[in-house]
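S.K.: The structure that follows is given in the form of structure tokens.
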Amino acid sequence: MNIFMANPTISVGFISFLSAQIIKTVLYAIKEKTFNPERITGAGGMPSSHSAMVVSVALYLLRLPEVGYTSPIFALSIMMLGIVIYDALSVRYNAGLHGKELNRLRKVIDEMDDEISKLGGEIQDEQLEEIADQKEFKEFLGHKPIEVLAGALLGILIAMVFPLPV
């Protein structure tokens, strides 16, 4: 039997995550007037799919009569919710800022290299050339508080409309 059909808790989390990723991709396409396939699977952006998933799972578990708020399973889901939201707001958000700044510095280095080349000089440092050849750092990693809130609200909505097993 399919794991998503056999375990509704997994289903509600997966549906929340997927819904947020689709909304995020559509909102990005509208804002930027271009489709970026990386937004379908990428982190960061509006709404937070991670927040949507952990909030929907916690709330769904809370709604289950056999689980409830005194259950160790619900307690574990709340602990995971706290870790995921903290990570999205702090660690991954700051890593995204670092990526943005590193990409900006890489452009400055490239411009300096171009200016030196125009003047007839060469950069002897092979490391600078390696930096220019590397892929850009990811800038969409974490979330602003409003993005986490939107993901949490989406998770609440999905958990509330998802049917309880009979």
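S.K.: Listing His98, His143 from the residue with the fewest other Cβ atoms within 10 Å to the one with the most, what is the order?
M.R.: The order, fewest Cβ neighbours first, is His98, His143.
S.K.: Subtracting the Cα-Cα distance from 0.36 nm times the residue separation, let me have the gained length for Leu64 to Ala6 in nm, one decimal.
M.R.: Separation in residues times 0.36 nm, less the Cα-Cα distance, equals 19.4 nm.
S.K.: Which GluC sites (Glu not before Pro) in region 19-69 pass both tests, a DSSP loop state and at most 11 other beta-carbon atoms within 10 Å?
M.R.: Sites meeting the loop and neighbour criteria: Glu66.
S.K.: Given 0.36 nm per residue, what is the gain on full extension from Ala29 to Asp87 after removing their alpha carbon distance, in nm?
M.R.: Values: separation 58, 0.36 × 58 = 20.88 nm, distance 2.58 nm.
Here the segment from Ala29 to Asp87 would lengthen by 18.3 nm.
S.K.: OK, next. Give me the distance in nm between label points sitting 7 Å out from Cα along the Cα-to-Cβ direction at Glu111 and Met79, one decimal.
M.R.: The two pseudo-label positions are separated by 4.9 nm.
S.K.: With a 10 Å Cβ neighbour count serving as the proxy for reagent exposure, in which order, fewest first, do Phe17, Phe162 appear?
M.R.: So the residues, fewest neighbours to most, are Phe162, Phe17.
S.K.: Taking the Cβ of each residue in Tyr86, Tyr69 as the centre, tally the other Cβ atoms inside 10 Å and list the residues starting with the fewest.
M.R.: With the sparsest Cβ surroundings first, the list reads Tyr69, Tyr86.
S.K.: Further question on the same structure: Quick one: if you stick a label point 7 Å off each Cα along the C-beta vector at Lys144 and Ile156, how many nm between them?
M.R.: 2.0 nm
None of the figures in this text is laboratory data; all of them are computed from the coordinates on show. It should be emphasised that the depicted structure is a prediction, and the values quoted were computed from it without experimental measurement. Backbone-built Cβ (ideal geometry, glycine too); neighbour counts: all protein chains shown.
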